Amino acid sequence: MSETTAHAQVQTAHVQAHTGQQHPLRLYFLVWGLLFVLSAASYMVDYLGVQSYLRWTLILLFMMLKAGLIVAVFMHMAWERLALVYAILLPPVLVLVFVALMVSEADYTIFTRVAFFGTGP
């Protein structure tokens with residue numbers, strides 16, 4: 001009897017390994033709804049006439065939240081191993097860090113040129 005049960009468990013595990021993991025449709029509909037709400041909020045920032053740094057902060061925040069939802073759910077990163085997530089997400093994050101360093105270096109360079117050579121470019 002135990003051999004039959006063990007064999008059935010092995011077959012079930014084998015079938016599950018080949019069919020893959022299926023997520024409930026409710027999750028996808030919820031994410032689509034959240035994406036719609038975040039997009040509407042992003043458009044409302046422009047519609048309401050928010051200005052200055054608050055405008056760009058809100059727009060970038062909504063964009064990052066939408067990108068995070070898309071990557072986590074539709075690219076299935078929420079269910080992947082941590083090593084794979086790091087292999088896919090870490091390089092773009094490092095590129096953004098290097099871009100930020102270049103921006104700060106550019107500001108320093110233009111400040112130094114104005115301070116020592118007079119007028120701007």
Quiz item: Which members of the range 54-100 meet the condition of being under 18 Å from G33 (Cβ atoms) and either in contact with a Gly (Cβ under 9 Å, 6 or more places away or on another chain) or open to solvent by less than 60 Å² (accessible area, probe 1.4 Å) (or both)?
Solution: F62, K66, A67, G68, L69, V71, A72, V73
Self-check item: Out of A78, A17, A87, A67, sole residue that is modelled with pLDDT of 85 or more and in a helix (DSSP H, G or I)
Solution: A67
Self-check item: Given (1) at pLDDT below 85; (2) open to solvent by 90 Å² or more (accessible area, probe 1.4 Å), number of the condition Q51 does not satisfy
Solution: (1)
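The values are calculated or read from the model by the stated rules, or taken from the named source; none is laboratory data. Since this is a predicted model, take the numbers as computed values, not measurements. Backbone-built Cβ (ideal geometry, glycine too); neighbour counts: all protein chains shown. Areas reflect the complete protein model, heavy atoms only, side chains present, ligands, DNA and RNA absent. Shrake-Rupley method; radii C 1.70, N 1.55, O 1.52, S 1.80 Å.
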